[in-house]
Amino acid sequence: MSTQTLDTPAAANRGTEIALLLALATLWGGSYTFIKIGVETIPPVTLIAARTLIAGLILLAVIRWRGVRLPRDTQVWRRFLTQALLNSVVPFTLIAWAEKSVDAGLASILNGTTPVFVFLISLFLASANRPDWRKGLGVAAGLAGISLIVGVNAFAGLGEAVLPQLAIVTATIAYACAALFGRHFTGMDPLLPAAGSMLCGTALLIPTALVVDRPWELTPSADSLLALLALSIFSTALAFAIYFRLLRTLGSVGTTAVSYLRVPIGVAIGLVFLGERLSGTAWAGLALVVLGVMAMTVPERRPAKAA
């Protein structure tokens with residue numbers, strides 16, 4: 001029987017959710033390497049347009065196979081469009097452009113600060129909820145880590161790679177907004193917002209790629225094409241199906257914990273497969289970012305209520 005919404009489980013199986021969180025971290029951790037290989041011969045906008053198109057078609061096929069119907073409500077599709085801008089069009093394009101000059105491992109570190117921005121934006125929107133000292137320490141450590149990774153040149157003037165690095169940080173802020181906005185879909189089958197946002201992103205990116213890159217004139221390498229397929233199938237279609245499932249079961253903050261899991265995975269993949277190396281300050285920044293995000297995602301201890 002066709003259905004569009006699912007009830008939120010009262011008590012999720014934590015073992016399953018943690019396994020899915022680790023799987024998502026691996027899928028997204030590998031995306032930086034796939035992007036790095038892809039942009040070697042495919043321009044960023046075309047790469048991301050193809051990524052969203054392939055992923056959207058796969059998700060749409062799975063939805064049809066399962067007998068699930070896409071919503072017809074205009075308001076829902078507006079939300080899909082907003083989610084597409086925050087979770088794919090803007091961050092995907094910024095990261096792909098940045099990785100033409102930034103290592104995949106470094107990109108994964110900078111992008112691993114999503115929970116820091118989720119916390120800061122949540123604090124701004126709901127100022128009555130004051131954080132405990134651990135979350136404040138986490139924010140400070142995360143921001144200090146970003147500063148170390150970008151480097152002191154960012155404060156003395158624009159260096160060679162500062163703009164691409166700041167583009168990745170901007171993409172991270174977009175991801176944080178997407179995680180918060182994704183709460184609108186918590187009562188929906190996870191495949192629907194995943195497919196809907198990919199299809200909306202495709203509708204925006206394909207015309208842009210046709211005008212900007214003239215993709216019919218490109219001659220991409222076999223490695224870039226294989227990286228594009230892996231990026232689309234595993235790091236996008238499968239990953240976003242898991243992502244929206246976790247938003248429903250773990251919530252925004254719990255799901256963004258994947259960020260500090262994917263940082264070491266992304267760095268390790270870049271080191272092993274691309275032969276990348278990190279500076280001493282970047283390693284220190286990595287440690288601070290992981291420490292900060294972990295502190296940010298530890299649940300607060302609340303005093304027991306009186307009977």
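The values are calculated or read from the model by the stated rules, or taken from the named source; none is laboratory data. Quantities reported herein were computed from a predicted structural model and do not represent experimental measurements. Cβ sites come from the backbone with ideal geometry, for glycine too, and all protein chains shown count toward neighbours.
Okay, residues lined up against (1) surrounded by 16 or more Cβ atoms within 10 Å (Cβ to Cβ); (2) assigned to a loop (DSSP other than H, G, I, E, B); (3) modelled with pLDDT under 85:
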position	(1), (2), (3)
Ala10	no, yes, yes
Gly15	no, no, yes
Ile54	yes, no, no
Leu70	yes, yes, no
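Quick one: is Ile173 modelled with pLDDT of 75 or more, closer than 30 Å to Arg66 by Cα, in a helix (DSSP H, G or I) and not aromatic (Phe, Trp, Tyr)?
Values: modelled with pLDDT of 75 or more: yes; closer than 30 Å to Arg66 by Cα: no; in a helix (DSSP H, G or I): yes; not aromatic (Phe, Trp, Tyr): yes.
No; evaluated as a whole, the condition is false for this residue.
Scan Gly182, Gly187 and give me the residue that is crowded, with 22+ Cβ neighbours inside 10 Å, in contact (Cβ under 8 Å) with a residue 60 or more places away in the chain and within 19 Å of Asp73 (Cβ to Cβ).
Working: Gly187 fails: crowded, with 22+ Cβ neighbours inside 10 Å.
Of Gly182, Gly187, the one residue that is crowded, with 22+ Cβ neighbours inside 10 Å, in contact (Cβ under 8 Å) with a residue 60 or more places away in the chain and within 19 Å of Asp73 (Cβ to Cβ) is Gly182.
Of all residues in segment 32-44, which are closer than 13 Å to Lys100 by Cβ and under 17 Å from the mean Cα position of the chain (by Cα)? Give the derivation first.
Applying the first criterion (closer than 13 Å to Lys100 by Cβ) to segment 32-44 yields 32, 35-44.
Once the filter is applied, which keeps residues that are closer than 13 Å to Lys100 by Cβ and under 17 Å from the mean Cα position of the chain (by Cα), segment 32-44 yields Tyr32, Ile35, Lys36, Pro44.
Kindly check whether there is at least one residue in segment 31-41 that is surrounded by fewer than 22 Cβ atoms within 10 Å (Cβ to Cβ) and within 25 Å of Ala144 (Cα to Cα). Steps first, answer last, please.
Initially, segment 31-41 is screened for residues surrounded by fewer than 22 Cβ atoms within 10 Å (Cβ to Cβ), giving 40-41.
Next cut, within 25 Å of Ala144 (Cα to Cα) only: none.
Scanning segment 31-41, I find no residue that is surrounded by fewer than 22 Cβ atoms within 10 Å (Cβ to Cβ) and within 25 Å of Ala144 (Cα to Cα), so the answer is no.
Which residue pairs have Cβ atoms under 8 Å apart, sit 6 or more places apart or on different chains, and have a first residue in segment 271-296 that is within 14 Å of Thr256 (Cβ to Cβ) and at pLDDT below 75 and a second that is of a type in the set (Gly, Ala, Ser) and surrounded by fewer than 16 Cβ atoms within 10 Å (Cβ to Cβ)?
These pairs meet every condition: Gly292/Ala140.
With respect to Pro193, is the statement that it is surrounded by 14 or more Cβ atoms within 10 Å (Cβ to Cβ), assigned to a loop (DSSP other than H, G, I, E, B) and of a type outside the set (S, T, N, Q) true? First the steps, then the outcome.
Details: surrounded by 14 or more Cβ atoms within 10 Å (Cβ to Cβ): yes; assigned to a loop (DSSP other than H, G, I, E, B): no; of a type outside the set (S, T, N, Q): yes.
It is false that Pro193 is surrounded by 14 or more Cβ atoms within 10 Å (Cβ to Cβ), assigned to a loop (DSSP other than H, G, I, E, B) and of a type outside the set (S, T, N, Q).
So, of the residues in segment 38-52 that are of a type outside the set (A, V, I, L, M) and in a loop (DSSP other than H, G, I, E, B), which turns out to be nearest to Leu199 (Cα to Cα)? Show your work before the answer.
Within segment 38-52, the subset of a type outside the set (A, V, I, L, M) is 38, 40-41, 43-44, 46, 51-52.
With in a loop (DSSP other than H, G, I, E, B) added as a condition, the list becomes 40-41, 43.
Numbers: Glu40: 25, Thr41: 25, Pro43: 20 Å.
For segment 38-52, the residue satisfying everything is Pro43.
Within segment 85-127, work out how many residues are of a type in the set (Gly, Ala, Ser), surrounded by fewer than 24 Cβ atoms within 10 Å (Cβ to Cβ) and not in a helix (DSSP H, G or I).
Taking segment 85-127 first, the residues of a type in the set (Gly, Ala, Ser) are 88, 96, 98, 101, 104-105, 107-108, 112, 122, 126-127.
With surrounded by fewer than 24 Cβ atoms within 10 Å (Cβ to Cβ) added as a condition, the list becomes 101, 122, 126-127.
With not in a helix (DSSP H, G or I) added as a condition, the list becomes 101, 126-127.
Here the count works out to 3.
Looking at segment 212-223 only, could you name the residues that are in a helix (DSSP H, G or I) and either acidic (Asp, Glu) or modelled with pLDDT under 95 (or both)?
Filtering segment 212-223 down to residues in a helix (DSSP H, G or I) leaves 212, 215-217, 222-223.
If the condition is that a residue be in a helix (DSSP H, G or I) and either acidic (Asp, Glu) or modelled with pLDDT under 95 (or both), then Val212, Pro215, Trp216, Glu217, Asp223 are the ones that fit.
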